[in-house]
1. F:Leu75 fails exactly one of the following numbered conditions: (1) over 30 Å from F:Thr190 (Cβ atoms); (2) in contact (Cβ under 8 Å) with a residue 60 or more places away in the chain; (3) more than 7 Å from every other protein chain (Cβ to nearest Cβ). What is the number of that condition?
2. Would you mind finding the one in F:Thr84, F:Thr103, F:Thr114, F:Thr69 that is farther than 30 Å from F:Leu151 by Cα and within 16 Å of ligand 6 (Cβ to nearest atom)?
3. Residue check: is E:Val184 touching a residue at least 24 places away in the same chain (Cβ under 8 Å) and assigned to a loop (DSSP other than H, G, I, E, B)?
4. The conditions are (1) in contact (Cβ under 8 Å) with a residue 60 or more places away in the chain; (2) surrounded by fewer than 18 Cβ atoms within 10 Å (Cβ to Cβ), and E:Ile312 fails exactly one of them. Which is it?
5. Quick check: is even one residue across the stretch C:51-66 in contact with a strand residue (DSSP E or B) (Cβ under 9 Å, 6 or more places away or on another chain), within 14 Å of chain B (Cβ to nearest Cβ) and at pLDDT below 80?
6. Answer yes or no as to whether C:Val33 is at pLDDT 85 or above, away from ligand 1 (no atom under 16 Å from the Cβ) and in a strand (DSSP E or B).
7. Condition first: in contact (Cβ under 8 Å) with a residue 60 or more places away in the chain and surrounded by fewer than 23 Cβ atoms within 10 Å (Cβ to Cβ). Now tell me which residues in the stretch D:221-231 satisfy that.
8. Looking at (1) over 22 Å from the mean Cα position of the chain (by Cα); (2) within 16 Å of ligand 4 (Cβ to nearest atom), which one does D:Leu75 not meet, given that it meets all the others?
Amino acid sequence: MHLVKKIEIIANSFELGKILDRLDKSGVHGHIVIRNVAGKGLRGTAEDLDMTMLDNVYIIAFSTPEQIKPVVENIRPLLNKFGGTCYISDVMEISSVKCVASM
Amino acid sequence: MHLVKKIEIIANSFELGKILDRLDKSGVHGHIVIRNVAGKGLRGTAEDLDMTMLDNVYIIAFSTPEQIKPVVENIRPLLNKFGGTCYISDVMEISSVKCVASM
Amino acid sequence: MHLVKKIEIIANSFELGKILDRLDKSGVHGHIVIRNVAGKGLRGTAEDLDMTMLDNVYIIAFSTPEQIKPVVENIRPLLNKFGGTCYISDVMEISSVKCVASM
Amino acid sequence: MDASLIISNILNPPVLFFFLGMTAVFVKSDLEIPPPAPKLLSLYLLFAIGFKGGVELVKSGITQEVVFTLLAAVLMACFVPIYTFFILKLKLDVYDAAAIAATYGSISAVTFITASAFLNELGIPFDGYMIAALALMESPAIIVGLILVNLFTVEQGKSREVAWSEVLRDAFLNSSVFLLVGSVLIGFLTGEHGGKVLEPFTQGLFYGILTFFLLDMGLVAAKRIKDLQKTGFFLISFAILIPILNAAIGLAIAKFLGISQGNALLFAVLCASASYIAVPAAMRLTVPEANPSLYVSTALAVTFPFNIIVGIPVYLYVIKLFWSQ
Amino acid sequence: MDASLIISNILNPPVLFFFLGMTAVFVKSDLEIPPPAPKLLSLYLLFAIGFKGGVELVKSGITQEVVFTLLAAVLMACFVPIYTFFILKLKLDVYDAAAIAATYGSISAVTFITASAFLNELGIPFDGYMIAALALMESPAIIVGLILVNLFTVEQGKSREVAWSEVLRDAFLNSSVFLLVGSVLIGFLTGEHGGKVLEPFTQGLFYGILTFFLLDMGLVAAKRIKDLQKTGFFLISFAILIPILNAAIGLAIAKFLGISQGNALLFAVLCASASYIAVPAAMRLTVPEANPSLYVSTALAVTFPFNIIVGIPVYLYVIKLFWSQ
Amino acid sequence: MDASLIISNILNPPVLFFFLGMTAVFVKSDLEIPPPAPKLLSLYLLFAIGFKGGVELVKSGITQEVVFTLLAAVLMACFVPIYTFFILKLKLDVYDAAAIAATYGSISAVTFITASAFLNELGIPFDGYMIAALALMESPAIIVGLILVNLFTVEQGKSREVAWSEVLRDAFLNSSVFLLVGSVLIGFLTGEHGGKVLEPFTQGLFYGILTFFLLDMGLVAAKRIKDLQKTGFFLISFAILIPILNAAIGLAIAKFLGISQGNALLFAVLCASASYIAVPAAMRLTVPEANPSLYVSTALAVTFPFNIIVGIPVYLYVIKLFWSQ
Ligand SMILES: Nc1ncnc2c1ncn2[C@@H]1O[C@H](COP(=O)(O)O)[C@@H](O)[C@H]1O
Ligand SMILES: Nc1ncnc2c1ncn2[C@@H]1O[C@H](COP(=O)(O)O)[C@@H](O)[C@H]1O
Ligand SMILES: Nc1ncnc2c1ncn2[C@@H]1O[C@H](COP(=O)(O)O)[C@@H](O)[C@H]1O
Ligand code: NA
Ligand code: NA
Ligand code: NA
């Protein structure tokens, strides 16, 4: 087992394409996307359009610790422009043929 | 980047309204809700009604470290009464216009 | 509050039954499953069949720290054979009637 | 007894697809109706049956027969949870007894809908106001169940605070009751003209969607069957005998009121069926002490299949015996 | 004024189910149409109306009337956002003004579809090419809105870089426009034969699915109503008066072009309606500075209900006054 | 060759919507059919075609022709994976060769359903027992594929342990096979009466839902096309030539058996089509060493479009040449 980083991003689905692009450019090629996530914003406003047809998405990606710096640099401008939040935490990965750290 | 807390709650969907109320009262105004979550209970019983029409929900909320105490105090009685579990962990937030810590 | 471990597994849905079996055998009886998770693999290939009808699943299970060893031993061969990844992290559980640590 | 009614019921596509769903679970096929499709199908069924009922309510009007039948329906919905509570308390604690009693006092809309499809096929008419009875019988048992818990726990020295406004909302404004009542009202308001334009949707598809939905119900019921081990012999017998008893009472009332054969069958089915959605949801909130596997499994894995496979044709057989054509 | 049209509109199942959805939110029922069902229903509606439009386009052919009407449609879709922008800028900043203006310059397909169902019921014919107008009016306002933002922020000394290729794709290839245009084309290519084989699906179910979808729209619109407090009196008046004004302009153009009553109603409805899906989505990406609650809430919680409840029958009433039978 | 059949096939709504789906991906529209709708639609199609097949099986009965055709179907389902395995092994390793061979030995229900809709439209009859052939041809290739892997890896000195009970369950009880077979049986049991009551659902909607589903298939197939770069020329040719060859063998058998034109087309389509759901799922579990992008992409992005666009009308053209009217 070795340390990897977990990246969690919550954003509106219209940003999804842009965010995945940025992740990819930052060297994080794997991810999962959970759609149709209901949510309420920080300020209690229902700014999100999820009630019409734009739902929130919850993106999770695991990466090596070194990839975090480029990810933060690439993602922050997007979040500032379009909204959404990003969190990073430590997790242990079980080594396997396909694991992040085997790259 | 600064430290925030991640709150994860798993409960049956009939409790959802009550839990979100308590979170809100504890000062945690943002959250996401993932619905239609399949699950099996701790004791291996299929107590949850997800097979009929009451599914489990998975609630995630990020908050400042100080909010954890009131959250725990408010949520625990609910969990004891209606079931469900709650977990708390540390994550780093990427500072952005809308981030939890900017509040 | 006491320390428990969070186990996160991402895999293709055809493995779901096998993985839950192994978790159960390792003594982890509770879990949640989020289905219809879209994803892209580590190597950027669309190996996953989610585009037809086999979607990815995202499995989360909370366990006591002692259960991690058997979980890793049981899950790793599956991941090596069929693909998928598994991550482990630390979380604090709010003690309640049904909490993992009350077992 | 003339078995042809049972056979003609069993050879119905809805019942056969119910069996198919059960079989899928037994042979461990991975067949499933992906959520939220089952929920959507059940919304459709409530919408369609409610709307149709409303449209036909215009025709029949609100006569004395209607008023008496609806009154009898509400009375049964209050009486059943009370008398079954005392039977259940012989073996179970107050919480479980009250929750199960409430479950059996309320109704299963899908059982009702299956019975109405059965009548349609046999060409036996029934009236739109029976759908009003369906709507009226869903909620009272929830209230009665809760009152029983309060009475008998106070007796035991435990005091409970009940958020009645929430309970009432759960009972009368839960999505099933709300959509059903709303659709009846809209059907009533738009009348025959509205009924006509919606016909391909509410009538044409009805039978097919019921069939598809029962496939899912078969899957769901079969998954619950293993719970029955824990339930024990007492509850399993309860789940078969009480429906029969309730149907018998229902038929006696129907005969007394002199309502038609079709209406009598539907009335009996309402009395005999048990709720596995609305009441369990309400009970989890209001009587969290009760064990959900008891009240869900009996209603879903025993009473529901019993009614749609054996109950419906048997009740009709009895009607045919006692009603003059 | 003759109120019978309003009443006959209100007593339509789709409008009544819209009310039912709103009521569910007001009384706090837990009724909901689970996602992604609403999205699927809206795809169906676009598919069905587009296909039907295409099939009928074959019959009418592309005459001078068609060309002029479509031209007028595009012109209105460009003109409305421009003139409303200047009204809105009296009270709001450039970003909000442009986003709201774009919203009102574009159209609401569901309003159009509800109007077409209303015409069908009254037996008033309309032509397939009006669906081409629907498709053509969806996108221009997005472009116009963005040009307005650029002009007026440059004026204020701020420069913006715009990814025009992305904007154009959002405007012309978003799923609604794409599916609608594609279905029109396929309807046109397969003609009457294709129309016939798909009829039970595209026609038979149409009214029912519209009704069901409006139930969801009622839920959605009612949830937005509390946002209106923040919106203020100015925008609420805007959201009622501008549709009336746009409908009036639309009717004048229709009269001038001499198109039929049915087509005139649809044209007026296109002018009067505001987008609450495609344009908001595009605006979030291209004008993130604007506040989405302003443009979504006005379009969804005021203009949409106004049009389908009051607007459609009133516009038709005016048509009946001015058009000779 | 008479191109009119190809054109009349291409101008079908289902095929055109398949193109529309592909176009959406190519022009980067955000059109999508949200999950789990596609899965639900495919369950519907299996339910409807199976049920209809069962109902018609009652009429045709189980004659000698039926038995021989079903026998031929099973033989082809075993023979195709064997002979294609040896072709594939020329260029690929044992695992990939066996997995692709199994894919092409099995069938694509949607291709079959599209062909049956094409026949319906042209008014060419076919028999219900062909749906039994569909059901019978889905599973054998999975078993054959696995046996081939075992034989040839043992040869290479590697031993494999196979959980045969699981493999058999995957092969014969996976949701597609189970629902199809179950629906055929129920159709057979309920007969004409059951067929009639379900008709608006299983027949009325059938063509429309197929059309809508093919829109999704277009999206899915187009997304897979970029995988084909990695697949290489050998596999792409394989994915076009083998279906043609299999169809030719199928037609020869059909001619030999003397079955009708409609049945012959369906038989050819079964032989020519490749599975992109059931077999890939089974292969991922039983031959995890094989590369899924190879067997999914060829079946989905080449063979499937080829069959529904070119194959079906060409096979019918050949039938028209060799069958006397
Ligand atoms: N503190 C939070 N915890 C979890 N999710 C949040 C939080 N704040 C916001 N969100 C999610 O992020 C989305 C966008 O938030 P906002 O940009 O504040 O409107 C909301 O709809 C929520 O789904
Ligand atoms: N150890 C666990 N890890 C993850 N989810 C759990 C765990 N235990 C229970 N759950 C989830 O919580 C729900 C309620 O559990 P219970 O209250 O034990 O019936 C279950 O249906 C599961 O979805
Ligand atoms: N680094 C990652 N972070 C999150 N999810 C991943 C990552 N890599 C792979 N996945 C998910 O795991 C699935 C299987 O990955 P793979 O086995 O690499 O094809 C993918 O479809 C993704 O959903
Ligand atoms: Na009852
Ligand atoms: Na407009
Ligand atoms: Na084949």
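1. (2)
2. Values: F:Thr84 fails: farther than 30 Å from F:Leu151 by Cα; F:Thr103 fails: farther than 30 Å from F:Leu151 by Cα; F:Thr69 fails: farther than 30 Å from F:Leu151 by Cα.
When all the criteria are applied, what remains is F:Thr114.
3. On the way: touching a residue at least 24 places away in the same chain (Cβ under 8 Å): yes; assigned to a loop (DSSP other than H, G, I, E, B): no.
Judged against the criteria, E:Val184 is not a match.
4. Failing condition for E:Ile312: (2).
5. yes
6. Details: at pLDDT 85 or above: yes; away from ligand 1 (no atom under 16 Å from the Cβ): yes; in a strand (DSSP E or B): yes.
Yes.
7. Just the residues of the stretch D:221-231 that are in contact (Cβ under 8 Å) with a residue 60 or more places away in the chain, to begin with: D:221-225, D:227-228, D:230-231.
D:Ala222, D:Lys223, D:Ile225, D:Asp227, D:Leu228, D:Lys230, D:Thr231, listed by residue number.
8. Result: D:Leu75 fails condition (1) only.
The values are calculated or read from the model by the stated rules, or taken from the named source; none is laboratory data. Note that the structure is a prediction, hence the values are computed from the model and not measured. Every residue, glycine as well, gets a Cβ built from its backbone with ideal geometry; the counts of neighbours run over all protein chains shown.
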